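Engineer: Quick one: the structure is below, questions incoming.
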Amino acid sequence: MTDTQHPQPTSDTAIREYVRAVPRHRLADEQARQERIHALEQERHRIVGGGQTGLSDGGRTTWEITD
């Protein structure tokens, strides 16, 4: 039986809510990450990042390291 007093959101509504929420959560995660990096740098830790950037003409992987 269909509950007409408390209708459930359609899948379309749920998808739209999810799509709207993703950027908010990503921003919150990135802000928390930046705050943690800042706190570590204040403690004189050195933060090093980087990763694979692609392939060279010779087929070898290329990397970038940032400090």
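Engineer: Quickly estimate the mean residue ellipticity at 222 nm for the chain, helices only: each DSSP H run with n ≥ 4 gives -39500 (n - 2.57), and the total goes over all residues, rounded to 500.
Structural biologist: Taking each H run of at least 4 residues, the total per residue is -17500 deg cm²/dmol.
Engineer: For a quick check of understanding: with a 1.4 angstrom probe and all protein chains in place, what accessible area in square angstrom does Asp67 have, to the nearest ten?
Structural biologist: Per-residue accessible area (Asp67): approximately 120 Å².
Engineer: If I take every Cα pair under 8 Å that is 6 or more residues apart in the chain, average their sequence separation and divide by the length, what percent do I get for the relative contact order? Let's see the in-between values first.
Structural biologist: Working: 33 pairs, mean separation 12.0, N = 67.
About 18 percent, as a whole number.
Engineer: Using only Cα atoms, tell me the angle between helix 11-42 and the longest principal axis of the chain; keep it within 0 to 90° and round to the nearest 10.
Structural biologist: Roughly 30 degrees, rounded to the nearest 10.
The values are calculated or read from the model by the stated rules, or taken from the named source; none is laboratory data. Just so you know, these numbers come straight off a predicted model, no measurement behind them. Quick note on the areas: whole protein, heavy atoms, side chains included, nothing else; ligands and nucleic acids left out. Shrake-Rupley method; radii C 1.70, N 1.55, O 1.52, S 1.80 Å.
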